[in-house]
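Peer 1: Structure provided below as C-alpha cells; questions to follow.
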Amino acid sequence: MFDIGKFRSRDCGGLSRRGFLRVGASLPLMGALPGLTGTLGAAEAVRAKSVIFVWLWGAPSHLDTFDPKPLAPGEYRGPFGTVATQTPGVRYSELLPRLAHRSDKFTLIRSHVTTESGHPDAGTVGLTGFKDRPEPVKPCFGSIIARHRGHRSTLPPFVAVGRGIPCDIVRRIDGYGGGTLSKTYDPFMVSCSETGAVEIPALQLLEGLSPDRVSDRRTLLTSLDASRHALDSHGYADWTRTYQSAYGLLTNPAARNAFDLTAEPEARRAAYGQTTFGQSCLLARRLVEAGVPYIQVNWSQYVECMTPNCDFGWDTHIYNFELLQDYHGPVFDRAFSALLDDLDDRGLLNSTLVVAMGEFGRTPKINNRASRDHWPSCYFSVWAGAGLETGRVIGESDKYGENPVTSPITPLMVGTTITHLAGLDTQARAELNVLDGGRVIDELL
C-alpha cells in the first residue's frame, strides 16, 4: 500500500496559502542546488555507496543485548542468560539468538562514551558529534553526506524512515537535520506501518491537488504562479525547484516503486516481522537498491515506552526486562538479522554500510524499580558492510559494564568514520566545515 497523501479540496478557487507553506516547509531536501552539492570522491575511496543508520532511540541496555556480564553479581547481570556466537569466545544476550548466529556478518563495538545523559542532548550529540549549545547546531551525518553527494536523482539523498523527528516528552532532537548546512539538507521524512503501508507527509503537497491534477503540469504551475508572493514572503524562493522535485517523485514510476512494499514477496516481508521497525528496515533495503545515499531508520519517534506517547522506544526505566523479553529483543533480533541477510543475498552488503546504535547505554546496576536508567559512560554499536572486516569485537568494558577499559569511541568518531566510508576525506570535510576535530575509528578500518 502506497499512500501519496491526503488530497482534500478546500474550494473551487484553487490552492490555499496554507497548502503552499506546507510544500515549502516539508520538502527542504528537494531544493538542493546543483552548484552547491560538492564533489563525490574518487570511486575507489567510496566504500559505502549507501548508508543505513539504524537509530535505536531511547537507548538500549548494553548488558541485556551485546555486552552481557554473566559473571557479575545479580544486581548487574540481570535475569537473562547468554548464547554463544559465531565469534569465538564472544557471547550475546539470549534475547539475540539470530544475531548471535550472524556475528560473522558484522563488527561489534563495546566501548562507546558520550557527554550527555538526557535524550534530546545525547541524541543531538549522537547524530552530529557535537552538543547543540551554544548554537548553531551542527549538521547530522546524513545531511553531510546529502550535501556531499548532492541531489542526483528523483529520490532525495537523505531519507528518514519513522513516525517523525525523534523527540521525548520535552523536545525533539535539535541535530536531526541540516544544521549549519541549511534546512535544504534536512531528511525527507517517511513513515511505515506494521502492515507495510508507507506514507510520505511531504507529498501531501497542496490542498485541492489530486494525482490526476499532478499530471496537468501547466494548470498546476498557473495556480502556483498566482500565489508566488505568499511563498516568497515566507522565504521560500526555491519553491519552483521544490515543486518540480516533488512532481518528479510523484510521477516517476521507478521512484514511486521504491516506496511500494507490496512489490515484495509475502515471505520476505514476513521475514522482517510485521512490526513498524521490521517493515521500515525492509523499506531501507529498497531505498538502497534505488540508490539513496543515506537512510536513517528510527526505531521510534518517542523515547518513552510506558507513557501515553508510547511507541515502544528503548527508554525502559520500568519493566525493562519484561519489555526487552516480550518486544524489543525479538523485534530487533528478527528485523536486523533479516536486513543483513537480505542485503547480503542481493550482493548489496559490500557496498552498503549498516550501523546500529542508540544515544547512550543504561545503568549497569539495576535500579530500585527492577529496571535500568540512563548511562552515557558505556554503550555499543554494530557495523556491517562496506568491505569492513567482520566477526570482530572492538573495545571492551569493565567487569560490570560501567566504563570502557580500552580507548573510548565518541559520537564524533562515529560520524567521521561513516562519512569517510561514504567518500568524504579530510579535505572534503574541511571544505564543508563539518566534523571538525573528528578522526576515524582506526580499529574498525
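Peer 1: Run the paramagnetic zone check for Ile318: 7 angstrom along Cα to Cβ, then residues of the range 352-387 with backbone nitrogen under 17 Å.
Peer 2: Once the point is set 7 Å along Cα→Cβ of Ile318, 367-374 turn out to lie under 17 Å by backbone N, inside the range 352-387.
Peer 1: Let me ask something additional. Below 29 Å, Cα to Cα, which lysines can Lys131 reach? Residues fewer than 8 away in the same chain don't count.
Peer 2: Within the straight-line cut-off, Lys131 pairs with Lys49, Lys183, Lys365.
Peer 1: May I ask for the net charge around Ala59, where only other residues with Cβ less than 10 Å from the Cβ of Ala59 are counted and Lys, Arg are +1 while Asp, Glu are -1? Write out the running numbers ahead of the final one.
Peer 2: Working: positive: Arg362, Arg372; negative: Asp315, Glu359, Asp373.
Once positives and negatives cancel, what remains is -1.
Peer 1: Same structure, new question: Counting Lys and Arg as +1 and Asp and Glu as -1, each charge on the Cβ, what is the dipole of the range 303-347 about the Cα centre in debye, to the nearest 20? Please report the intermediate quantities before stating the final value.
Peer 2: Numbers: 2 positive and 10 negative charges, 9 e Å.
Result for the range 303-347 is approximately 40 debye, rounded to the nearest 20.
Peer 1: If you don't mind, another one. List the residues, sorted by chain then number, that are 5 or more residues from Val54 or on another chain and whose placed amide H is less than 5 Å from its amide H.
Peer 2: Long-range HN contacts for Val54: Val297, Val355, Ala356, Met357.
Peer 1: Search the structure for amide H atoms under 5 Å from the amide H of Ser397, placed 1.01 Å from N in the peptide plane, and list their residues when 5 or more places away or on another chain.
Peer 2: Those qualifying (amide H under 5 Å, at least 5 residues apart or on another chain) are Val405.
Peer 1: Neighbouring Cβ atoms within 10 Å as the yardstick, rank Cys140, Cys378, Cys305, Cys167 fewest first. Mind showing how you got there, number by number?
Peer 2: Numbers: Cys140 32, Cys378 27, Cys305 22, Cys167 18.
The most exposed by this proxy come first: Cys167, Cys305, Cys378, Cys140.
Peer 1: Rank the residues Lys138, Lys183 as a footprinting-exposure proxy: fewest other Cβ atoms within 10 Å of their Cβ go first. Write out the running numbers ahead of the final one.
Peer 2: Values: Lys138 28, Lys183 13.
Listing Lys138, Lys183 from fewest to most nearby Cβ atoms yields Lys183, Lys138.
Peer 1: Once phi is turned into ³J(HN,Hα) by the Karplus curve 6.51 cos²θ - 1.76 cosθ + 1.60 with θ = phi - 60°, what whole-Hz value does each residue of the range 148-161 show in order, with x for glycine and proline?
Peer 2: 5, 6, x, 9, 9, 8, 5, 7, x, x, 9, 10, 10, 9
Peer 1: In which sequence would Thr352, Thr107 go, from the one with the fewest C-beta neighbours within 10 Å to the one with the most?
Peer 2: Numbers: Thr352 24, Thr107 21.
Fewest-to-most Cβ neighbours within 10 Å comes out as Thr107, Thr352.
Peer 1: Still on this structure, I have one more. Tell me, what ³J(HN,Hα) does each residue in the range 405-421 have, in order and in whole Hz, if you take phi through Karplus 6.51 cos²θ - 1.76 cosθ + 1.60 with θ = phi - 60° and put x for Gly and Pro?
Peer 2: Running phi through 6.51 cos²θ - 1.76 cosθ + 1.60 with θ = phi - 60° gives 9, 10, 4, x, 10, 9, x, 5, 5, 4, x, 5, 5, 4, 5, 4, 5 Hz.
Peer 1: To continue, here is another question. Per 5 Å bin, what percent of the C-alpha pairs of the range 78-194 does each bin hold, from zero upward?
Peer 2: Bin by bin from 0 Å, the calculated values are 2, 10, 14, 15, 13, 15, 15, 10, 5, 1, 0.
Peer 1: With θ taken as phi - 60° and the coefficients 6.51, -1.76 and 1.60, list the Karplus ³J(HN,Hα) couplings across the range 432-437 in order, rounded to whole Hz; mark glycine and proline as x.
Peer 2: 8, 6, 10, 6, 4, x
Peer 1: Long-range amide H contacts for His374: which residues qualify at under 5 Å (H placed 1.01 Å from N, peptide plane, sequence gap of 5 or more or a different chain)?
Peer 2: The answer is Thr363.
Every read-out reported here was derived from the displayed coordinates using simple, explicitly stated rules and does not represent laboratory data. Being a predicted model, the structure only gives us computed values, none of them experimental. Because the Cβ atoms are built from the backbone with ideal geometry, glycine has one as well, and the counts that use them run over all protein chains shown.
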